[in-house]
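One structure is given here, and the rest of the page talks about it.
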Amino acid sequence: ALLSSVVRKAPIALSHLLRRSVTGEPSAFSPIVSIALRWSAKGTNNRRIHSESCLHHGEYEWKDPKSPDEIVNVTFIDKDGQPRQVKGKVGDNILYLAHRHRIELEGACEASLACTTCHVYVDGEHLSKLQNATEEEEDLLDLAPCLAENSRLGCQIILTKELEGITLTVPKITRNFYVDGHVPQPH
Amino acid sequence: TMNSCNGISARLVLVRRFVSTCTRQNTSTRVGIVGSGPAGFYTAHHLIKHNSNLHVDIFDRLPIPFGLVRYGVAPDHPDVKNVINQFSVLAESERCRFIGNVSLGKDITLAQLQPFYHALVLAYGADDDTFLRVPGEDLDGVLSARAFVGWYNGLPEHAHLNPDLSGDTAVIIGQGNVAIDVARMLLTPISILETTDICEHALEAFRKSSVRRVWLVGRRGPLQVAFTIKEFREMTKLPECLAVLDRADFEGVRELPADMPRPRKRLTELLVKTADAVGSEPATGSRKEWGLRFLRSPVAFLCDQQRRKVSGVKLEINKLEGDPLSARAVGTGHFETLDCSLALRSIGYKTKPVDKDVPFDPKGGIIPNLNGYVSTGLYCSGWVKTGPIGVILSTMNDAFETADTILNDLQHGNLPTPSDSGDVLELLFTLPGLHPTSFSDWKLIDQVEQSHGRPKGKPREKVTSLEMMMNIIRTHSAQN
């Protein structure tokens with residue numbers, strides 16, 4: 001169970017380590033050791049591996065792109081339907097990029113796949129370019145109000161050059177609290 | 001207790017602790033929130049974010065904050081509790097103040113509190129039980145799941161629950177996420193539990209527990225289960241534990257209508273897949289098992305002649321009437337018995353009216369409201385508003401809705417002017433026997449809990465007695 005957990009979460013964690021090498025940030029440890037250390041640090045709390053898609057909790061997203069090659073243009077449509085164009089960079093986590101630019105997107109569990117508060121809609125053209133959602137993400141998406149075909153969790157989207165021009169829409173607040181659109185009847 | 005000799009200096013210390021992180025101005029909008037769980041904090045978060053001239057006081061009847069995030073979320077789900085970090089930043093910010101150990105209805109009335117605020121928000125959730133009202137519900141060994149969760153999570157009022165885990169079968173009435181949490185706690189290997197923030201008294205009890213079989217009993221069928229897929233999937237992956245589902249229960253749900261909402265469809269497919277896999281796993285010598293029993297309603301809890309201790313539950317077999325989305329369970333007049341040594345009632349939490357001036361709908365178990373508005377200057381948020389259903393996401397959305405209603409009323413001049421322009425703390429300090437706590441006090445307890453947990457390899461060892469919490473706070477005050 002441990003190994004499959006590691007393998008499942010590896011792509012996202014590795015992409016973060018990849019971005020470190022792209023940006024030239026010094027990394028004291030090799031990628032594998034880095035992942036192991038990160039998880040062992042968390043593991044003292046819980047034997048099960050936490051799935052954290054961002055190693056820095058938003059610090060990386062506050063850094064500007066170092067060169068034009070890194071830039072990925074992103075459009076957020078906020079809760080009021082207003083478009084906001086921001087310059088992200090390769091390796092940015094959408095949730096923390098949104099926070100940097102004060103887009104109202106909540107991240108209650110801090111990108112650990114334990115809530116659904118960062119639910120966003122992805123534009124059709126870029127939806128297929130995203131890494132497939134893991135089973136864990138799909139299970140959480142089931143709880144999102146107004147779930148649609150193009151629903152994803154923002155904290156699971158990491159920018160690549162391929163996602164240039166991506167548009168992410170933040171859902172409007174709805175009053176529907178049942179997970180499948182159900183309206184309760186007395187029984 | 002504070003005696004009169006050092007009463008004045010002690011009160012000065014208290015005021016200093018509260019005021020240091022809060023710059024209060026008379027011209028700002030003042031909002032009071034009763035309840036410091038997700039509903040309370042998310043309401044505060046949204047209000048403060050959208051109005052720069054607004055201050056919030058968040059009250060809780062316990063000396064420490066966070067409500068169900070601390071006392072409801074299971075110990076083995078620590079990531080769900082990460083939201084506490086965000087709430088802590090808010091509580092320590094200039095325009096937010098936590099005031100604990102003040103109980104609405106017991107220590108202070110609505111009429112005493114309201115005059116200090118432009119708006120008062122009731123966000124105190126649901127801490128009462130729904131009862132089955134069947135014979136034997138008062139037997140030893142018949143417990144509320146809510147109390148059981150409070151017990152392993154260290155809620156002071158349930159610290160001495162002392163459930164008897166010496167038998168081999170537990171029956172849980174209810175098939176929601178709380179029922180699943182309880183089942184998982186009963187069946188999770190100790191080696192996993194002992195690295196969590198589960199309370200030591202519960203860990204000891206689980207170490208000695210001989211419960212190896214847990215049934216979750218629901219009055220309707222597979223299409224009506226209230227638990228969600230993440231939690232069910234977690235059960236299927238429990239180490240050293242077998243899922244025992246009966247294929248026959250799923251005959252009617254193999255073919256699902258095309259327009260069935262995705263969440264229900266995915267969950268039902270997983271249920272069917274799990275049932276189909278029963279018997280095909282290699283024999284691992286697993287000592288534990290759990291299962292779902294459908295179409296069964298408890299009509300009585302049974303005990304043997306000598307003792308008032310539960311030995312089983314009598315169930316009536318139901319049939320379903322109506323379409324799947326609104327199916328009703330109807331008794332058939334046929335019965336069966338399920339042996340058990342522990343029975344847990346997990347059929348929903350309930351809100352109770354805490355103050356005579358708070359309107360309450362006993363049938364729906366909520367405070368009647370329109371988008372959170374109750375009456376002039378009075379609002380509600382969270383489970384008192386919607387009923388006790390929903391995860392942090394839904395409570396968050398709901399809290400934002402109430403906050404928007406308040407902001408809207410503020411904008412249109414519909415909020416009353418506080419008749420008392422003073423600080424509510426001045427009143428609280430005059431009430432006999434009241435010892436309000438601050439967020440700094442919580443941080444003291446937080447440090448103590450973490451330092452007690454560290455040598456045991458746990459993130460914290462929770463303080464489970466109110467007396468001990470207040471002692472920690474007073475000792476620190478005296479030293480400083």
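The values are calculated or read from the model by the stated rules, or taken from the named source; none is laboratory data. None of these values were measured; they are calculated from a predicted model. Virtual Cβ from ideal backbone geometry, glycine too; neighbours counted across all protein chains shown. For the accessible areas, the whole protein counts, side chains as well, though only heavy atoms, and no ligand, DNA or RNA atoms are used. Shrake-Rupley method; radii C 1.70, N 1.55, O 1.52, S 1.80 Å.
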So how much slack lies between B:Ile190 and B:Leu427, counting 0.36 nm per residue of separation and subtracting their Cα-Cα distance, in nm? 80.5 nm
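Would you mind getting me the FRET efficiency between B:Asp404 and B:Gln306? Use the beta-carbon distance for r and R0 = 45 Å, nearest 0.05. It would help to have the intermediate numbers written out before the result.
On the way: r = 60 Å, r/R0 = 1.33.
Calculated value: 0.15.
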Using θ = phi - 60° and the Karplus form 6.51 cos²θ - 1.76 cosθ + 1.60, what ³J(HN,Hα) does each residue of the range B:346-360 get, whole Hz, x for Gly and Pro? 10, 10, x, 8, 9, 7, 10, x, 9, 9, 5, 8, 9, x, 8
Ordered by number, the residues of the range B:317-342 with at least 20 Å² less accessible area in the assembly than alone (1.4 Å probe) are B:Leu325, B:Ser326, B:Arg328
For B:Gln112, what is the net charge nearby, where nearby means another residue's Cβ is under 13 Å from its Cβ and Lys, Arg count +1, Asp, Glu -1? -3
For the range B:365-450, state the semi-axes of the equivalent ellipsoid (square roots of 5 times the eigenvalues of the alpha-carbon gyration tensor), sorted largest first and rounded to whole angstrom. 28, 23, 13
Give me log10 I(q)/I(0) at q = 0.25, 0.26 Å⁻¹ for the range B:313-370, Debye formula, one equal scatterer per alpha-carbon, no solvent. -1.01, -1.04
Accessible heavy-atom area order of B:Arg328, B:Arg296, highest first, probe of 1.4 Å: B:Arg328, B:Arg296
Average beta-carbon neighbours from other chains, 10 Å sphere, peptide B:73-84: 5
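When Cβ neighbours within 10 Å are restricted to other protein chains, what is their mean count per residue of peptide B:227-234?
Details: counts 0, 6, 7, 9, 1, 1, 3, 2.
Mean partner-chain Cβ count within 10 Å for B:227-234: 4.
Using Stokes-Einstein with the Kirkwood hydrodynamic radius over Cα pairs, what translational diffusion coefficient do you get for chain B at 20 °C and a viscosity of 1.002 mPa s, in µm²/s rounded to a whole number?
Numbers: Rh = 24.3 Å.
Roughly 88 µm²/s, to the nearest whole number.
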May I ask you to list the lysines whose Cα is less than 26 Å away from that of B:Lys208, ignoring any residue fewer than eight positions away on the same chain? B:Lys237, B:Lys288, B:Lys309, B:Lys456, B:Lys458, B:Lys462
For the range B:32-157, compute Rg over Rh where Rg is the Cα radius of gyration and Rh is the Kirkwood radius from the inverse mean 1/r over Cα pairs. 1.04
Report, in degrees rounded to the nearest 10, the 0 to 90 angle that the Cα long axis of helix B:177-187 makes with the longest principal axis of chain B. 70 degrees
So how exposed is A:Leu147, as accessible area in Å² (1.4 Å probe, rounded to 10)? 50 Å²
Read phi for every residue in the range B:231-239 and hand back ³J(HN,Hα) as whole Hz from Karplus 6.51 cos²θ - 1.76 cosθ + 1.60, θ = phi - 60°, with x for Gly and Pro. 5, 5, 4, 4, 5, 5, 9, 4, x
Kindly identify residues of the range B:369-418 having a loss of at least 30 Å² in accessible area between the isolated chain and the assembly of all protein chains, probe radius 1.4 Å. B:Ile389, B:Leu393, B:Ser394, B:Met396, B:Asn397, B:Phe400, B:Glu401
Give the accessible surface of chain B per residue, rounded to a whole number of Å², with probe radius 1.4 Å and ligands, DNA and RNA excluded. 42 Å²
Rg and Dmax of the range B:290-331, Cα atoms, in Å? 14.2, 46
Given backbone amide H placed at 1.01 Å from N, residues whose amide H is under 5 Å from that of B:Phe98, ignoring those fewer than 5 places away on the same chain, are B:Ile58, B:Phe439
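Loop only per DSSP, at most 15 neighbouring Cβ atoms within 10 Å: give me the GluC sites (Glu not before Pro) in the range B:243-284, ordered by residue number.
On the way: sites: B:Glu251, B:Glu255, B:Glu269; in loops: B:Glu255.
Answer by residue number: B:Glu255.
For the interface of chains B and A, what total accessible area is buried with a 1.4 Å probe, rounded to the nearest 100 Å²? Spell out each step's value before the answer.
Numbers: alone 22100 and 10980 Å², together 29150 Å².
Accessible area lost upon association: around 3900 Å².
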In Å², nearest 10: area of B:Ser341 left accessible to a 1.4 Å probe: 20 Å²
Using only Cα atoms, what Kirkwood radius does the range B:165-286 have, in angstroms? 15.7 Å
Between helix B:38-50 and chain B, what is the angle of the helix's C-alpha long axis to the longest principal axis, kept within 0 to 90° and rounded to the nearest 10? 50 degrees
Listed by chain and number, the residues whose amide H is under 5 Å from that of B:Lys288, excluding neighbours fewer than 5 places away on the same chain and using placed H, are B:Leu242
How much accessible surface does A:Lys161 have with a 1.4 Å probe, in Å² rounded to 10? 100 Å²
In degrees, nearest 10, range 0 to 90: what is the angle between the Cα axis of helix B:466-479 and the longest Cα principal axis of chain B? 30 degrees
Any aspartates and glutamates with Cα under 15 Å of the B:Lys319 Cα? List them, leaving off those in the same chain fewer than 8 positions away. B:Asp249, B:Glu251, B:Glu336
Estimated vicinal HN-Hα couplings, Hz - the range B:248-263 in sequence order (Karplus 6.51, -1.76, 1.60; Gly, Pro = x): 4, 5, 10, 4, x, 10, 6, 9, 9, x, 4, 8, 5, x, 3, x
Plugging the Kirkwood radius over Cα pairs into Stokes-Einstein for the range B:97-209, at a temperature of 37 °C and a viscosity of 0.692 mPa s, what D comes out in µm²/s? 194 µm²/s
Probe 1.4 Å, all protein chains present, accessible-area order of B:Glu231, A:Glu162, largest first: A:Glu162, B:Glu231
Mind listing P(r) for the range A:48-173? All alpha-carbon pairs, 5 Å bins, whole percents. 2, 12, 23, 26, 22, 11, 3, 1, 0
Between B:Val217 and residues 5 or more places away or on another chain, the pairs with built amide H atoms under 5 Å apart involve B:Ile172, B:Ile173, B:Gly174, B:Arg293
Per-residue ellipticity at 222 nm attributable to helices in chain B (runs of n ≥ 4 DSSP H, -39500 (n - 2.57) apiece, nearest 500 deg cm²/dmol) works out to -10000 deg cm²/dmol
Model label zone, B:Ser465; criterion: amide N under 16 Å from point 7 Å along Cα-to-beta-carbon; scope the range B:428-449: B:449
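How large is the translational diffusion coefficient of the range B:290-388 in µm² per second when you combine the Kirkwood radius over alpha carbon pairs with Stokes-Einstein at 20 °C and 1.002 mPa s? The partial results should precede the final answer.
Working: Rh = 17.1 Å.
Diffusion coefficient, whole number: 125 µm²/s.
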Which value, in debye to the nearest 20, gives the size of the charge dipole of chain B about its Cα centre, when Lys and Arg are +1 and Asp and Glu are -1 at the Cβ? 380 debye
Can you give me the % of accessible surface on chain B that is carbon or sulfur? Probe 1.4 Å, all protein chains present, nothing else counted. 52 percent
Using a 1.4 angstrom probe on the protein heavy atoms only, line up B:Val391, B:Val134 by accessible area, largest first. B:Val391, B:Val134
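Average partner chain C-beta neighbours within 10 Å, per residue of B:258-266? All intermediate terms of the calculation are to be shown ahead of the outcome.
Details: counts 0, 0, 1, 7, 10, 12, 6, 2, 6.
Across the residues of B:258-266, the mean count of other-chain Cβ atoms within 10 Å is 5.
Show me B:424-432, B:239-247, B:441-449 ranked by packing, highest mean number of other Cβ atoms within 10 Å first.
On the way: B:424-432: 14.9, B:239-247: 16.9, B:441-449: 18.8.
With the highest mean Cβ count within 10 Å placed first, the list reads B:441-449, B:239-247, B:424-432.
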